[in-house]
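These notes concern the structure reproduced below.
Every read-out reported here was derived from the displayed coordinates using simple, explicitly stated rules and does not represent laboratory data. Being a predicted model, the structure only gives us computed values, none of them experimental. Positions of Cβ are backbone-derived with ideal geometry, glycine not excepted, and every protein chain shown enters the neighbour counts.
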Amino acid sequence: MKGCIFCKIGRHEARSWMVAETEHTYAMLDIHPMNRWHTLVIPKDHYENIFDMPVEVLHEVMSTLKYVVDLYHKNWALTRFKLYRAMAGQPSRTFSTPTGILRQDTRMTARI
């Protein structure tokens, strides 16, 4: 979609701090994080809502999310994770994230 920042990021036309990428998904650190590790996992193609998204793409979004969670667990020993859908005011295409992580050892709340 023309003008959509998430579409531009998925096409590498806008800068971001990439965490992971697949054929149909892109995971990046949020540029205005609510907490440490606030990461967005988005489909590269624009979908107005989950009803428009092919099930294969949805599976890949969730698979990418699992990859990111495993990556954060392995590298930073994060052990508790919460998944959130988009907050009010965010485009519906980010329905799968932001995701939240709670680091047990410090009780520090973060979002991925």
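Table for the structure above
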{"read-out": "Spacing of the two label points (7 Å from each Cα toward its C-beta) at Trp17 and His73, in nm", "value": "2.3"}
{"read-out": "Reachable aspartates and glutamates, given that their alpha-carbon falls under 16 Å from the alpha-carbon of Lys8 and they are not under 8 places away in the same chain", "value": "Glu21, Glu23, Asp30, Asp45, Glu48"}
{"read-out": "Where only alpha carbons of segment 1-42 are counted, the Rg and the Dmax (Å)", "value": "10.2, 30"}
{"read-out": "For Thr25, residues with placed amide H under 5 Å, excluding near neighbours", "value": "Lys44"}
{"read-out": "Sparse-neighbour loop sites [GluC sites (Glu not before Pro); segment 1-42; at most 13 other C-beta within 10 Å; DSSP]", "value": "Glu13, Glu23"}
